[in-house]
Amino acid sequence: SADALRYAFLLTGSQGIPALAGSRFLAYRAGLPNLWWLNGLLMGLLALALPYALLQALRGPELRRRTLVLLLLWFALPILLQSRPSTDVYPHYFILLYPVQFLLVAFLLVDGGGRLPDRSLPLGRHRLPLKGLFLVAGLLLWGGWQTAVLGRLFAFMDRYPTTGGYGIPLKYPRQAAQEARRLASPAEIIVLSPGMTPMVDEPPTVFEALLFGHPHRFADGRWALPVPDATSTVYLVGPVEPGEGDLAPSLRRLEAMGYGHAGPTIPLPDGWSYRLFYRDGPDREDVLAGMVRFPEPIPFANGVAFLGYALDGQAATGEVLEVWLAWWVRSPPPAGADYHFFTHLLDEAGQRRAQHDGIGFPTTSWRAGDLVLSRFTLPLPQDLPSGRYRLWAGLYTYPDVVNVPVLDEAGNPAGGGVVLGEITVGEGG
């Protein structure tokens with residue numbers, strides 16, 4: 001892969017910085033003078049410095065040879081180690097090169113300057129060497145340009161914190177975490193965000209640190225809304241994009257809860273926000289409002305019980321069918337267990353015509369008494385025949401993908417899933 005060598009050269013300057021502004025990179029560049037050619041100039045100097053250093057390492061004085069061999073090894077080894085990668089290579093892998101690129105260029109410039117005639121400008125009783133003036137001017141121009149690029153980036157990040165090219169500035173989630181702690185004391189905080197795994201997904205990673213020492217759990221707010229068995233719970237939702245974003249369905253559920261109360265909103269300059277909710281009630285009947293309840297909870301062998309569902313009885317081909325499933329953790333799962341949920345659209349012959357498998361709320365976070373609303377979206381194919389279909393739901397172990405049995409009244413296995421309801425599918429427009 002040539003990416004390793006390319007990134008080693010790019011890191012001599014700010015060539016890739018505008019990409020961090022995401023779709024707004026043109027606006028970012030517009031706030032800077034057109035000196036991007038300086039990056040190409042320094043990369044060109046590095047391209048000349050490398051063979052010059054190699055030549056000097058072979059033919060130069062002994063002390064210089066040792067120094068340049070060390071510098072060349074410093075430059076080459078990280079590149080060679082990533083030249084045949086098993087995964088994608090990223091620029092930050094080569095930060096350990098600093099400052100060897102500049103040391104190599106410095107050798108080239110100093111030796112090259114030594115071969116130029118000595119000329120100077122008079123300044124009173126002193127004379128200033130032209131070579132030194134040019135070197136200082138070049139360093140000031142280069143340093144000023146790089147400072148301007150980074151300063152513009154920091155200001156841009158504050159004004160447009162959600163371009164996707166970089167993480168949201170810490171001051172916004174920190175303020176959200178502080179407000180959540182203030183509301184929660186001592187209640188548990190549930191963080192609803194895109195993603196649910198610290199050290200993998202950015203929002204949980206940030207809030208895992210900001211909420212350290214306070215009871216908290218994470219759920220992917222696009223697909224799950226857990227309600228603990230507690231009188232009080234605080235929800236920290238975000239980052240929430242303007243309009244109908246990915247977190248909008250869970251937000252509507254929170255807003256509709258009878259015992260729920262809207263808390264502060266922490267706005268971001270570009271329209272996104274963090275939103276806080278506080279739920280305080282003697283029971284969780286409001287959580288299930290508007291859902292079809294099963295006559296009795298339907299137990300599964302892993303300690304989960306299905307309580308009910310919400311499903312539009314009609315849909316059209318080409319649309320996305322939304323299903324909400326309410327389930328309850330009767331007993332905590334075994335250590336190391338991992339369960340996934342599934343929803344299948346079955347035709348009259350029992351053939352699967354659409355499906356959505358998901359997690360939303362990781363098994364490691366389940367606590368006895370948790371009530372969870374899981375959301376599923378099933379895209380209906382354009383060529384799906386009109387007619388009646390059943391929604392079939394259940395759980396399976398992961399990664400071996402073995403269905404968790406439903407239990408009958410005697411506690412014996414009685415099937416691999418539950419029929420949630422039926423829908424009529426018509427032709428789309």
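The values are calculated or read from the model by the stated rules, or taken from the named source; none is laboratory data. Just so it is clear, the model here is predicted, and its values are computed rather than measured. Neighbour counts are summed over all protein chains in view; Cβ atoms, including those assigned to glycine, are modelled from backbone coordinates with ideal geometry.
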Quick check: is even one residue across the range 93-115 of a type outside the set (D, E, K, R), in contact with a helix residue (DSSP H, G or I) (Cβ under 6 Å, 6 or more places away or on another chain) and outside any helix (DSSP H, G or I)? no
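For (1) closer than 24 Å to P332 by Cα; (2) under 14 Å from the mean Cα position of the chain (by Cα), each residue gets a yes or a no:
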{"site": "Y160", "(1), (2)": "no, no"}
{"site": "G164", "(1), (2)": "no, yes"}
{"site": "D201", "(1), (2)": "no, yes"}
{"site": "P215", "(1), (2)": "yes, no"}
{"site": "V234", "(1), (2)": "yes, no"}
Can we say L48 is surrounded by fewer than 17 Cβ atoms within 10 Å (Cβ to Cβ) and touching a residue at least 40 places away in the same chain (Cβ under 8 Å)? yes
Would you check which residues across the range 53-62 are surrounded by fewer than 17 Cβ atoms within 10 Å (Cβ to Cβ) and assigned to a helix (DSSP H, G or I) and list them? L54, L55, L58, R59, E62
How many residues are in contact (Cβ under 8 Å) with a residue 24 or more places away in the chain and assigned to a strand (DSSP E or B) when one looks only at the range 402-411? 2
Are there strands (runs of 3 or more DSSP E) fully within the range 330-401 with at least 2 residues that are out of contact with any strand residue (DSSP E or B) (no Cβ under 7 Å at 6 or more places or on another chain)? List them. none
Picking from R24, R65, the residue that is assigned to a helix (DSSP H, G or I), basic (K, R), under 30 Å from Y160 (Cβ atoms) and in the same structural domain as Q146 (by TED's automatic domain parsing) would be R24
Checked L123, L96 against criteria (surrounded by fewer than 15 Cβ atoms within 10 Å (Cβ to Cβ) and more than 40 Å from the chain's Cα centre (by Cα)); the one match is L123
From the set of residues in the range 256-267 that are touching a strand residue (DSSP E or B) at 6+ places or on another chain (Cβ under 7 Å) and not in a strand (DSSP E or B), which is surrounded by the most Cβ atoms within 10 Å (Cβ to Cβ)? M257
Can you tell me which residues in the range 331-352 are out of contact with any Lys or Arg (no Cβ under 9 Å at 6 or more places or on another chain) and either within 21 Å of W223 (Cα to Cα) or in contact (Cβ under 8 Å) with a residue 60 or more places away in the chain (or both)? P333, A337, D338, Y339, H340, F341, F342, T343
Being of a type in the set (A, V, I, L, M) and in a helix (DSSP H, G or I) is the filter here; which residues of the range 134-171 pass it? L135, V136, A137, L139, L140, L141, A148, V149, L150, L153, A155, M157
Selection status of S86, surrounded by 19 or more Cβ atoms within 10 Å (Cβ to Cβ), modelled with pLDDT under 95, assigned to a loop (DSSP other than H, G, I, E, B) and within 26 Å of the chain's Cα centre (by Cα): no
Looking at the range 389-403, can you tell me whether even one residue there is out of contact with any helix residue (DSSP H, G or I) (no Cβ under 8 Å at 6 or more places or on another chain), at pLDDT 90 or above, exposed (fewer than 15 other Cβ atoms within 10 Å of the Cβ) and within 23 Å of E296 (Cβ to Cβ)? no
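To keep it simple, each residue is scored yes or no on (1) closer than 24 Å to K171 by Cβ; (2) modelled with pLDDT of 95 or more.
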site	(1), (2)
H214	yes, yes
W223	no, yes
T233	no, yes
V240	yes, yes
E255	no, yes
G260	no, no
D270	yes, no
Does F154 fit the bill of being more than 30 Å from P242 (Cα to Cα) and modelled with pLDDT of 90 or more? no
Inside the range 312-329, can you point out the residues that are buried (at least 16 other Cβ atoms within 10 Å of the Cβ), in a loop (DSSP other than H, G, I, E, B) and not hydroxyl-bearing (S, T, Y)? E319
Within the range 274-311, take every residue that is in a loop (DSSP other than H, G, I, E, B) and touching a strand residue (DSSP E or B) at 6+ places or on another chain (Cβ under 7 Å) and give me the one that is surrounded by the fewest Cβ atoms within 10 Å (Cβ to Cβ). G290
Tally of residues being touching a residue at least 12 places away in the same chain (Cβ under 8 Å) and either surrounded by fewer than 14 Cβ atoms within 10 Å (Cβ to Cβ) or in a strand (DSSP E or B) (or both) across the range 412-427: 11
